[in-house]
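The values are calculated or read from the model by the stated rules, or taken from the named source; none is laboratory data. In this text the structure is predicted, and so the values were computed from the model without any measurement. Using ideal geometry, Cβ is built from the backbone for each residue, glycine included, and neighbour counts are taken over all protein chains shown. Keep in mind that these areas ignore ligands, DNA and RNA; they rest on the heavy atoms of the full protein, side chains included. Shrake-Rupley method; radii C 1.70, N 1.55, O 1.52, S 1.80 Å.
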Amino acid sequence: MTKEKVLVIGASGQIGVELTLALRKIYGNSNVVASDLREENELLRGSGPYVSLDVMNKEMLHVQVIRQNITQIYLLAAILSATGEKNPNLAWHLNMQGLLNVLDIAREEKLHKVYWPSSIAVFGPTSPKKDCPQRTIIEPSTVYGISKYAGEFWCNYFFGRYGVDVRSIRYPGLISYKSAPGGGTTDYAVEIFHEALEEGKYSCFLREDTYLPMMYMPDAIRATIELMEAPSDKLTVRTSYNVAGMSFSPKEIAVEIKQHIPKFTIDYKPDYRQQIANSWPESIDDSVARTDWGWKPEYDLSLMTKDMLENLR
Ligand code: NAD
Ligand code: AKB
């Protein structure tokens with residue numbers, strides 16, 4: 001069996017830190033190279049190799065892939081929905097060109113596998129609101145969603161035309177305590193825990209009744225690894241798989257937090273992110289992922305809330 005050598009791009013971000021640590025457990029610390037534009041996250045320090053890398057610099061990326069004998073790339077560098085609406089050109093440029101650079105190098109160097117996440121942000125106002133299916137009307141209204149949907153078809157194209165084994169998941173909003181979220185619309189569901197513990201109150205930028213698909217980070221990491229380990233011939237989706245964890249509103253998560261912190265209060269001051277949230281589905285149908293590679297979430301709202309508070313404390 002060929003030894004795998006993994007490069008994680010965007011390793012200092014919300015997902016990158018935890019995914020890098022999980023991959024190091026599987027492949028061995030020295031076989032997972034973390035990389036990012038910003039400095040190495042403190043949780044990664046001392047756990048394995050780190051290189052400073054800009055995914056937009058294709059030549060430097062190519063040099064690293066050859067020099068380090070990389071066989072798999074996990075590409076996590078991106079601009080998320082809220083930041084993307086503030087700088088649409090930058091979001092489009094990074095989210096598209098970064099992916100194309102990785103796919104081109106994967107084809108040229110015959111990498112074994114590539115992972116690139118999409119998002120529930122591909123869905124738009126015309127998609128079904130409840131139990132949004134794998135295949136449905138998809139008309140995204142944010143630049144982030146447009147870039148993710150286009151990216152899904154680039155992945156499908158590189159798989160079909162060049163045989164690049166690129167795999168993808170449409171993550172819901174991810175909730176975690178290890179590293180901070182990076183400019184998304186679902187970030188409130190992380191901020192609320194920090195503010196509840198530090199201030200006893202939270203001012204939410206979404207309305208109380210805004211339901212969105214969410215997932216706890218341990219489920220997201222496990223989904224990623226299970227998809228990447230699934231036999232190629234089981235995968236019927238080469239754009240990106242729907243996966244679901246839970247769905248809740250700001251009011252519901254506040255009620256759940258109150259069970260642990262009775263004095264906790266919340267108020268609502270919706271801003272520009274409300275419009276983004278309104279364009280997304282409330283919940284996701286992930287039956288295709290369940291059938292193809294056995295996906296099943298473990299965490300619901302109450303289990304996640306308990307675990308988040310225990311760990312943040
Ligand atoms: P993040 O913003 O926390 O992390 C992204 C990382 O990429 C950052 O550390 C950043 O410094 C790095 N980066 C930015 N530009 C770079 C460049 N040019 N070269 C190298 N590194 C660069 O994002 P995240 O939440 O960890 O998301 C990772 C991926 O998962 C993204 O593709 C995102 O769209 C997707 N996703 C995330 C969520 C979520 O809720 N976190 C949900 C759906 C999809
Ligand atoms: C965001 O809110 O932009 C992300 C996502 C759902 O892709 N968390």
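Counting only protein heavy atoms and a 1.4 Å probe, the chain has 43 square angstrom of accessible area per residue.
Quick check on the chain: helices-only [θ] at 222 nm, where DSSP H runs of length 4 and up contribute -39,500 (n - 2.57) each and the sum goes over total residues. Nearest 500, please.
On the way: 11 runs with 131 residues, N = 313.
Here the helix-only value at 222 nm equals -13000 deg cm²/dmol.
In this simple spin-label approximation, ALA150 and GLU208 carry label points 7 Å from Cα along the Cα→Cβ vector, and these lie 4.1 nm apart. With springs connecting C-alpha atoms under 10 Å apart, model the chain as a Gaussian network and identify which of THR239, THR136, THR210 has the largest mean-square fluctuation. Result for the chain, Cα springs under 10 Å: THR136 fluctuates most.
Sorting 189-195, 82-88 by their mean Cβ neighbour count within 10 Å, with the most densely packed peptide first, gives 189-195, 82-88. Near SER119, once Lys and Arg are set to +1 and Asp and Glu to -1 for all other residues with Cβ below 9 Å from its Cβ, the sum equals +2. Under 12 Å of direct C-alpha separation, and excluding same-chain neighbours fewer than eight residues apart, LYS113 reaches these aspartates and glutamates: GLU4, ASP165, GLU229.
The string of couplings for the range 88-102 from the Karplus curve (6.51, -1.76, 1.60, θ = phi - 60°) is x, 5, 5, 4, 4, 4, 5, 5, 8, 5, x, 5, 5, 4, 5 Hz, one whole number per residue in order, with x for Gly and Pro.
What does the net charge come to around LEU235 if you take all other residues with beta carbon closer than 12 Å to its beta carbon, with K and R at +1 and D and E at -1?
Values: positive: LYS113, ARG167, LYS234, ARG238; negative: ASP165, GLU226, GLU229, ASP233, ASP292.
After counting each charged neighbour, the total is -1.
3J(HN,Hα) along the range 33-43, derived from phi through the Karplus expression 6.51 cos²θ - 1.76 cosθ + 1.60 where θ = phi - 60°, amounts to 8, 8, 8, 6, 6, 8, 5, 4, 5, 4, 6 Hz, with x in place of Gly and Pro. For the range 261-313, the set of chymotrypsin sites (Phe, Trp or Tyr not before Pro) satisfying both a DSSP loop assignment and a count of at most 11 other C-beta atoms within 10 Å is given as TYR272.
In this structure, the pairs whose alpha-carbon distance is over 25 Å, taken from LYS148/LYS306; LYS86/LYS258; LYS58/LYS148; LYS178/LYS258; LYS86/LYS263; LYS110/LYS234, are LYS148/LYS306; LYS86/LYS258; LYS86/LYS263.
Carbon and sulfur atoms: what percent of the 1.4 Å accessible area of the range 6-171 do they account for? Heavy-atom surface of the range 6-171 belonging to carbon and sulfur, 1.4 Å probe: 52 percent.
For the range 252-260, the Karplus equation 6.51 cos²θ - 1.76 cosθ + 1.60, evaluated at θ = phi - 60°, returns couplings of 5, 6, 5, 4, 5, 5, 4, 4, 9 Hz by residue, with Gly and Pro reported as x.
Quick one: helix 58-67 against the long Cα principal axis of the chain, what's the angle to the nearest 10°, folded into 0 to 90? With rounding to tens, the tilt is 70 degrees.
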